[in-house]
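These notes are about the structure you will find just below.
The values are calculated or read from the model by the stated rules, or taken from the named source; none is laboratory data. Fair warning: this is a prediction, and the values are worked out from it, not measured in the lab. In this analysis, Cβ positions are derived from the backbone assuming ideal geometry, glycine residues included, and neighbour counts consider all displayed protein chains. Heads up: the accessible areas ignore ligands, DNA and RNA and are worked out on the full protein's heavy atoms, side chains in. Shrake-Rupley method; radii C 1.70, N 1.55, O 1.52, S 1.80 Å.
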Amino acid sequence: MKKILLVSYTPRIDSNTQKLVDAYLQATGDTSQITPLDLVKEPAPLLLDDHVNALLKRNYMGMALTDAESKSIQKIDALLQQLLDTDRIVIAFPMYNFSVPATVKAWIDTLVQNGKTFKITDDGAYEGLCHGKKALILMTTGGDYSEEPMKSMDYAVPLIQSCFGFMGIESHAITAYGLNQYMDRADDIVHDAQQEIARYVSDSSSW
Ligand SMILES: Cc1cc2nc3c(=O)[nH]c(=O)nc-3n(C[C@H](O)[C@H](O)[C@H](O)COP(=O)(O)O)c2cc1C
């Protein structure tokens, strides 16, 4: 059975994004292979000075770290290992300020590591190292980004898909757009996204 990492950031009471997560759990049925990572309760560390310098020293300069340096990136490496150990990733979040919430970006920043999830080849190109992994992105938004000029203002899905792609992870996004813009239709929009999730999960060739 595939191991699944379920990453969520759904801090709002009665979160619509959480309703997409619930639809995913229901569609999956057997949840025994799911490892939850709740970024509200366990936010990923930000890349502050100790972290960045230790990561650069190890991942780009190939130098051994002191115990203190290793300790400073322990949590980052635990999150990296969690990704390396999984086959599938489900990540759910609401759009914040046209992008992913900072907590989600912080999680991604712990994962994109030279020599671990991607490498630089001898001719200077980048190559993802996470072959075979797939990600499902679930996002809700207040506005409607399905058409231009709003479409280009969705920096969330392109950002997270670029980061996954950079690491060699194939991804698919299911979005519930316009939950504030079309408030009277919000339940229907969430319901449609839930159906789309169920279809995606039941189609084993996609998932
Ligand atoms: C801090 C904050 C920033 C937001 N920024 C945007 C935004 O840039 N674009 C947008 O369409 N909706 C934005 N929203 C609305 C949420 O994305 C939308 O209501 C979403 O469905 C909330 O999901 P939830 O019910 O899981 O909290 C924002 C909401 C919050 C709380």
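Quick notes
- Burial order of peptide ranges 24-34, 103-113 (average beta-carbon count within 10 Å, highest first): 103-113, 24-34
- Ratio of Rg to Rh for the chain: 0.99 [Cα atoms; Kirkwood radius as inverse mean 1/r over pairs].
- Relative to the current alpha-carbon distance between Asp122 and Lys3, full extension at 0.36 nm per residue lengthens the span by 39.6 nm.
- Semi-axes of the equivalent ellipsoid for segment 1-45, computed as √(5λ) from the eigenvalues of its C-alpha gyration tensor and ordered from largest down, come to 19, 15, 6 Å.
- Where chymotrypsin sites (Phe, Trp or Tyr not before Pro) fall in DSSP loop in segment 109-153, at most 14 other Cβ within 10 Å: none
- Helix 74-84 vs. the chain, principal-axis angle (Cα, 0 to 90°, nearest 10): 60
- Two-decimal Rg/Rh across segment 6-122, once Rg and the Kirkwood Rh are taken from alpha-carbon atoms: 1.02
- Rolled with a 1.4 Å probe across the full set of protein chains, the surface gives Val100 an accessible area near 10 Å².
- Karplus-based coupling profile of segment 33-46, in residue order and whole Hz: 9, 9, 9, x, 10, 9, 6, 6, 7, 10, x, 6, x, 6, with θ = phi - 60° in 6.51 cos²θ - 1.76 cosθ + 1.60 and x standing for Gly or Pro.
- Order of exposure, largest accessible area first, which applies to His51, His172, His131 with probe 1.4 Å: His131, His172, His51
- Pairwise centroid distance, computed over Cα atoms, of segment 165-189 with segment 38-108, Å: 25
- Against the chain, whose longest principal axis comes from its Cα atoms, helix 16-28 is set at around 80 degrees.
- Förster radius 22 Å - calculated FRET efficiency between Asp38 and Leu159 (Cβ-Cβ, nearest 0.05): 0.55
- Degrees, to the nearest 10: 102-111 long Cα axis against longest axis of the chain: 40
- Accessible area per residue was computed with a 1.4 Å probe on protein heavy atoms; Arg12 scores about 140 Å².
- Quarter of Cα convex hull surface for segment 27-77, i.e. mean projection, nm²: 5.5
- Cβ-placed point charges (K, R +1; D, E -1), dipole of segment 78-159 about Cα centre in debye, nearest 20: 280
- Residues with amide H under 5 Å from that of Val112, placed H, sequence gap 5 or more: none
- Point-charge dipole on Cβ atoms (K/R +1, D/E -1) for the chain, about Cα centre, debye to 20: 480
- Heavy-atom accessible area ranking, 1.4 Å probe, most first, across Leu84, Leu46: Leu46, Leu84
- Per residue of the chain, the DSSP helices (runs of n ≥ 4 H) give a summed -39500 (n - 2.57) that works out to -11500 deg cm²/dmol at 222 nm.
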